[in-house]
Structure formats: structure tokens, C-alpha cells
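Heads up, the thing below is written out as C-alpha cells.
The values are calculated or read from the model by the stated rules, or taken from the named source; none is laboratory data. In this text, all values refer to a predicted model and were calculated from it rather than measured experimentally. Glycine also receives a Cβ, built like all others from the backbone with ideal geometry; neighbour counts cover every protein chain displayed.
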């Protein structure tokens, strides 16, 4: 029996992680700790979880728990992960990996010191359906030599300035991984060479919003709502990024790969679909995958199988997560310094 404790049962945890673990034989969620004891009891009652804790440290120290699922805001990820590893617990940490690169490196270094423990970051859910297909055709040389990568993450998530400030707009909670930049870079990293240089600019168009607290006072937004980046990959290819949360009727989340012999246009959200075009064709062709060739969300199953030694983690190891953390850190530094930043940092 694998016994799991949850620190921070937020929306994604309730929607995916808890049902996912409950569907796996010989896995039991035995404890939960939220920001308040009252909310911990509410989650425990809703999902039939037997234990609640006053403090997250009590849950981590509980010897009846084998693995910790961390669903807090990113500013707590590193602290809880490191405590869990020192307590000899496996860790599944919600994305984003951490608030900044230094915290992420602490997590990775401690994971290296505990190679017998499974450490996994919840992957970006975008691109899972067509991941294997895209990986396969790139490996087969469909693109030829990669020349350009265009990354688009433009929607109206934060367009309405009368809405309460989201935690993703608060640097104390979200850190330096701005908007969907880290998520999209995770998708890029799965299929492209490493990035060697980043030059970014960021803009905050509306600096104040109503607070999410009950008093509804106006508060300062502390993260940008628009980013533009030009980048360079190790093989000499170029990247062009448009990330924004204030584009009314924006195109959503997309990644385009342009090579000497072919093109892959990958629409990630709101609906995932892939179109491809090769030398000799007149237009892009929409890919229709058979159901048995489609990927999907299997994070909880993958984590449990890795703990049991049945499989290795596919999405997303701490080592893989560090790559997008380094990219987002470089983008932040480039914006601050108004100059290109070379990678690795």
C-alpha cells in the first residue's frame, strides 16, 4: 500500500490528483493539510481522507506517509520538497517547480542526494496528446534542419482589469515564471535543442487590481502581463515568443517548428491539434491520430509506477523542470538588465 499525504489541496489537486490516486489499486490518501485547519477538514470530509494536520510539517513528519503531493503556490514548493526528501518521502510537486531558479536548484541537488526517492514535477498538460507523434516525426527528420521556433501564448486571461488579482500576478506567490512562459517552454524543451541565449522585454499594462481578499481594496500587480522574447538554440535556430494575458480574442497557446524540409504547427490550447506540411505539398495537413496512438494525462499513475519501480518518470523529472526554470529566470534577468542573457546560467 502506497500512503500519500497532500499539502495544499488546490483546484488542480481536487480536479485531477485526488481522483487520479483514488483510482489506483493499493494507493491511499491518508492525510491533508491546507492553509487553515478548517479548509483541511473540509477537503478531508469531501474526499474521505482520515487525517488532517495543523501544520504541513506535521504531515511531512508522519511516519505513516510514504509520499507527499505538493499543491501549494510555487513560493512553498522548494521548502516543502526539501523537508519531504529529508524525511525520506517521495515527492510529486505541482508546477511551477519553484519561485525561482535558486529554489529549484536546491530541490534538484537534494533529489540527487536521495536517488532512491522519486521526485516529479506535475507536467504542463498541453501537448500530451500528440507528444509521441511529434517526437517520432522530428526524430525521423521530418523538419530537416530546424531553423525557427515560434511560441505563442496569447489570450485574455487578465484582460478584464476589474477582476480580482490572480495569484499568478503576485510575485510573492508565483515567482519569476510569468504567465504561461514556463509551460510553453517545457513543451519546446521536449522537442528542441537547448536554448543558448535569451533577449526579452516585459510590460505591465495595468498595475493595480482589486484584491482577492474580502475587503476588495486595490492592490499592486507585481508581474508583467505581456512578454516578447527572441532566443537562440544550440544548433543556431532562432526562437520568437509572444506571451500575453491581455490579448482580447488572442490565438491561444501554440508552438510552430519551421525546418529546411517541413513545418509542424501545434495548436495546444484551447484545443490541441497538429498540422504538418512537407516539401512538395501545397498546404498544411491536419493530423488525425487513432485513439490508441494518442497520449494523455496519466501523472498520478506514472508517479505511482515510478515509486513501485515499474517505470521511470516520463513527464516531468526535476532535471527536465530545471530547464524551463532556467529559461524563465534568464528571461527575467534579460528584462531587468535590458540585454541578452546566455545559457546555461
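Structure notes:
- 3 or more residues over 24 Å from the mean Cα position of the chain (by Cα) and assigned by TED's automatic domain parsing to the domain that holds residue 195: qualifying strands (runs of 3 or more DSSP E) within the range 229-321: 273-278
- Matching helices (runs of 4 or more DSSP H) fully within the range 124-204 where at least 3 residues are out of contact with any helix residue (DSSP H, G or I) (no Cβ under 9 Å at 6 or more places or on another chain): 131-139
- Subset tally (residues that are buried (at least 16 other Cβ atoms within 10 Å of the Cβ) and touching a residue at least 60 places away in the same chain (Cβ under 8 Å)) for the range 110-146: 22
- Count - residues of the range 77-89 that are buried (at least 20 other Cβ atoms within 10 Å of the Cβ) and under 19 Å from the mean Cα position of the chain (by Cα): 4
Listed here are the residues, each with its yes/no results for (1) within 26 Å of residue 180 (Cα to Cα); (2) free of Cβ contacts under 8 Å to residues at least 60 places away in the same chain.
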{"position": "287", "(1), (2)": "yes, no"}
{"position": "295", "(1), (2)": "yes, no"}
{"position": "300", "(1), (2)": "yes, no"}
{"position": "304", "(1), (2)": "no, no"}
{"position": "310", "(1), (2)": "no, yes"}
{"position": "314", "(1), (2)": "yes, yes"}
{"position": "329", "(1), (2)": "yes, no"}
{"position": "335", "(1), (2)": "yes, no"}
{"position": "342", "(1), (2)": "yes, no"}
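- Among the residues of the range 21-39, the ones that are assigned to a helix (DSSP H, G or I) and either under 21 Å from residue 78 (Cα atoms) or modelled with pLDDT under 95 (or both) come to 3 in all.
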